[in-house]
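Report on the following structure.
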Ligand code: AMP
Ligand code: MG
């Protein structure tokens with residue numbers, strides 16, 4: 001019989017101090033909540049078999065599947081600006097890696113599968129609510145076209161976890177291009193372990209930046225690769241209103257994927273100062289701070305890499321600064337390119353940045369819903385020969401406390417659109433692919449979790465998942481999932497799920 005997972009492990013081949021070998025802890029009564037069949041197929045796995053007791057047992061951490069070399073990775077990290085020299089996988093266990101149908105190496109990791117040597121005071125477990133939240137939001141991000149870890153499966157454990165209340169336990173199977181973080185490099189740098197640092201960097205280059213191996217300075221090329229991916233990722237977050245919520249350096253992936261869906265949430269009313277996380281009291285990780293924090297984290301990565309960048313300290317600093325100086329331009333290009341598409345602009349002109357910025361300013365002053373404003377803008381596109389549909393215009397302007405703020409801005413937008421090639425229909429199409437109708441709205445995510453946790457009713461989870469799999473399609477039957485919450489969603493709070 002072939003193996004359930006065709007594991008081909010590379011991280012487990014790295015030196016022993018990179019991780020602790022530890023098996024998942026078996027659970028009371030594993031039950032499959034959901035298997036991501038399409039992802040299973042993409043990974044070269046057999047979805048039918050993953051749904052059998054053998055498969056569910058593996059996904060629950062009941063049995064170590066053949067070929068797995070379970071381990072908890074060691075890493076460090078800056079948490080809210082404070083350096084913690086040892087964190088590590090405290091409630092996650094890497095089963096192994098598979099090479100997917102596109103030839104890409106993917107980690108298969110269980111989250112919530114029991115304690116590891118890095119658990120500190122934690123129980124190594126996860127509650128059902130946060131598991132469903134991560135499953136749903138990470139898959140929604142993928143459907144939005146944003147690089148992210150994926151969710152292969154969610155299982156309940158039949159056990160309780162103690163948080164502020166007693167909650168049902170669950171395990172998420174997470175799939176990632178790798179779980180190497182900024183904090184992974186910091187772990188070795190903090191110990192003065194240059195050999196470990198080099199081994200990790202070489203591993204990361206082989207996995208994520210193979211071209212860097214040929215560069216004059218491969219480690220600078222690696223750093224530049226991470227900077228580029230993060231600049232683009234954060235720009236993508238901003239264009240859909242995503243707030244990660246806990247951008248600690250241990251939660252920033254070298255592969256450039258969105259990782260660690262703890263307190264993340266999407267904006268409703270546009271306000272760049274929005275921070276939902278209950279532990280983010282000073283708004284360090286607020287929506288509008290994310291680019292600055294990304295650069296701060298990347299600066300910590302550059303510092304960690306200094307011993308590899310050059311033997312000469314001054315030159316190493318020069319290499320690091322040279323690489324970091326590229327961030328702003330890469331971010332601006334990605335962000336403003338994204339905003340232009342959201343406005344239906346296929347070309348770029350001077351003044352576009354101000355045009356987009358002034359819309360955002362009017363939105364924040366008028367508490368306009370971020371997602372609805374842009375989506376409805378796509379229907380309020382003027383034709384060369386005629387004004388936009390009055391009903392479509394009213395649908396956008398009514399989102400503003402003072403609708404004339406929209407009218408004033410729209411005049412400028414119309415003038416700018418008149419300079420564009422192509423017709424209104426083409427513009428509408430472009431805008432429909434840039435402005436999602438459906439994002440994981442906080443009030444709906446909460447209702448979904450409540451149904452699952454309080455009433456073992458997983459139907460809302462399935463429905464929401466199906467709707468969010470097609471975020472750019474109109475889906476008129478599901479219009480209620482596109483609605484903004486009462487009061488613009490202010491006062492919403494998220495928790496780390498620990
Ligand atoms: P996070 O905020 O999820 O990025 O987690 C930060 C650190 O705390 C990581 O080292 C986690 O592995 C660890 N951690 C979080 N929750 C738990 C838990 N329930 N049990 C053990 N370790 C945990
Ligand atoms: Mg984390």
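Here, each number is a calculation from the coordinates, and none is a lab measurement. Bear in mind that the values here come from a model prediction, so they are computed numbers and not experimental data. Positions of Cβ are generated from backbone atoms using ideal geometry, with glycine treated the same way; all protein chains shown enter the neighbour counts.
Three principal axis extents describe the C-alpha atoms of segment 11-179; from largest down they are 42, 38, 34 Å.
Each Cα pair under 8 Å and six or more residues apart adds its sequence gap; the mean of these over the residue count of segment 11-179 is a relative contact order of 25 percent. Could you compute the FRET efficiency for residue 470 and residue 490, with r as their C-beta to C-beta distance and R0 at 30 Å, rounded to 0.05? In this case the efficiency is close to 0.60. Multiplying the residue separation of residue 383 and residue 423 by 0.36 nm and removing their Cα-Cα distance gives an extension gain of 13.7 nm.
If the segment from residue 303 to residue 479 were pulled out straight at 0.36 nm per residue, it would be longer than the present Cα-Cα gap by 58.5 nm.
Which whole-number percent gives the relative contact order of segment 344-466, counting Cα pairs below 8 Å spaced six or more residues apart? Relative contact order for segment 344-466 comes out at 30 percent. Scaled to the globular estimate 2.2 N^0.38 Å, the Cα spread of segment 183-335, given as radius of gyration, is 1.07.
Spin-label pair residue 162-residue 341: with each label point 7 Å from Cα along the Cα-Cβ axis, the two points sit 4.9 nm from one another. Short-range pairs are left out: with C-alpha atoms under 8 Å and at least six residues apart, the relative contact order of the chain is 14 percent. To the nearest ten degrees, helix 218-240 and the longest principal axis of the Cα atoms of the chain are 50 degrees apart.
Stokes-Einstein, applied to the Kirkwood radius of the chain over Cα pairs at a viscosity of 1.306 mPa s and 10 °C, places its translational diffusion at 67 µm² s⁻¹. Full extension of the chain segment joining residue 211 with residue 21 gains 65.3 nm, where the gain is 0.36 nm per residue of separation less the Cα-Cα distance. Compared with the dominant principal axis of the Cα atoms in the chain, helix 459-468 is inclined by about 60°. Helix 352-365 and the longest principal axis of the C-alpha atoms of the chain enclose an angle of approximately 90°.
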